[in-house]
Amino acid sequence: MFDTIGSFAAPQGTSPDRIVKAQIASGLKILTDGHIHRKEWDNSFFKGLTGMEETVIGSGHIYQEYPAMTTLLRLTGRIEATDIHPAIVEFKALRDITPKGYTIKQTMPAPSHFLAKILDDNIWKSIYSNPEELCRDIARAYRKILFGLYSEGCRFVQFDDCSWEPMMYAGGIKYLLQGGTDIERHISLLIDINNDSIDGLSSDMTIAHYVCRGSYDSPRYRRVDYSFIAPRLFAESNADMFYLDLNVDSDNDYSILRYMPDGKKVMLGIVSPFDTPDNPSQFIETNFNEASLYRGSTYPGISFRCGMNNPASLLPSPKHNGLK
């Protein structure tokens, strides 16, 4: 199985219909709208929640050489879901132009990703007495959105999540510890909020968890190590499947998959949307075969890793057809 993570860089004005046709032409069976309705993949979702206020920074010096987003969100009140969240509007628009026989995947930032962003700023302490109280409101808001999506016919949701990134590098773990973070409690909060957000959903709604390092122009982000987070993340999560952002320039350590319970599907993010290893077919085959050793009868699938903000990843390319 080959699937994309769901986002495509596209010129302004690109129609959803073009996105759908291009995915079908590439042989994909699971379709998304490519995030083309969103200015930012995560904040555009959060902006649709009560209790979040948008702030635009129009002046000042930005200490980096590449363009940066200057739209920020801050917590101003208790988190609640609106009656018609933008995610539901996105899904309905895609549903109405998708031919029969294809699955629509609705992507959204994970509850854990949202929680990590809010906890990074102490403003939350003026509204909530403790993280658990905050988690309850976030989970309640997500459940309302997910049940709304289900009522409109959605049966596949993907949580996009960068909250685990600091724990995928030795330097990140050290940074958290030096900042006074109780890492085991932090991990529990991230896992529990995702599980609570999908509690009560019908069993025919697939929940996928995309664990992402993010798209950053820094050597630090070029390699990932799941060994620290895998034992608890894989074993305790109630998600039905995982998309893993892996290394695309060398082999990966797939012994982490031994922590994945039987029955959960795994998508290996070993295909770059805009560059390839020297011998892509051999690289993919080697990684796929090694991963299969740890999956028993549940074979893994293949997906893009990340970096879909690169213009070269406009749409799934026909060159990826051989991966199906």
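Kindly indicate whether any position in region 133-147 is assigned to a loop (DSSP other than H, G, I, E, B) and either modelled with pLDDT of 95 or more or closer than 23 Å to Met267 by Cα (or both). Walk me through how you get there before you give the answer.
Here is the first cut: in region 133-147, the ones assigned to a loop (DSSP other than H, G, I, E, B) are none.
No, region 133-147 has no match at all.
Count of region 282-304 residues, restricted to those that are at pLDDT 80 or above and either under 24 Å from Gln158 (Cα atoms) or aromatic (Phe, Trp, Tyr) (or both), is 11. Examine region 91-107 for a residue that is surrounded by 20 or more Cβ atoms within 10 Å (Cβ to Cβ) and either over 24 Å from Leu31 (Cα atoms) or without any contact (Cβ under 8 Å) to a residue 24 or more places away in the chain (or both), and state whether such a residue exists. Checking region 91-107: not a single residue is surrounded by 20 or more Cβ atoms within 10 Å (Cβ to Cβ) and either over 24 Å from Leu31 (Cα atoms) or without any contact (Cβ under 8 Å) to a residue 24 or more places away in the chain (or both).
Does region 235-247 contain at least one residue that is touching a Leu at 6+ places or on another chain (Cβ under 9 Å), part of a helix (DSSP H, G or I) and within 18 Å of Pro166 (Cα to Cα)? No, there is no match, as no residue in region 235-247 is touching a Leu at 6+ places or on another chain (Cβ under 9 Å), part of a helix (DSSP H, G or I) and within 18 Å of Pro166 (Cα to Cα). Remark: pairs (first residue in region 24-36, farther than 15 Å from Met108 by Cβ; second residue among the basic types (Lys, Arg) and crowded, with 19+ Cβ neighbours inside 10 Å; Cβ separation under 8 Å; 6+ apart in sequence or on different chains) = Ile30/Lys105; Leu31/Lys105. From the list Ile187, Ile173, the lone residue that is part of a helix (DSSP H, G or I) and modelled with pLDDT of 95 or more is Ile187.
One residue is enough: does region 165-181 have a residue meeting the conditions touching a residue at least 60 places away in the same chain (Cβ under 8 Å) and either within 26 Å of Pro261 (Cβ to Cβ) or surrounded by 14 or more Cβ atoms within 10 Å (Cβ to Cβ) (or both)? The answer is yes; a qualifying residue exists. Quick check on region 255-276. Is at least one of its residues aliphatic (A, V, I, L, M), over 18 Å from the mean Cα position of the chain (by Cα) and at pLDDT below 80? The answer is no; no qualifying residue exists.
The values are calculated or read from the model by the stated rules, or taken from the named source; none is laboratory data. Everything numeric in this text was worked out from a predicted model, so none of it was measured. All Cβ positions, even for glycine, are placed from backbone atoms using ideal geometry, and neighbour counts span all protein chains on display.
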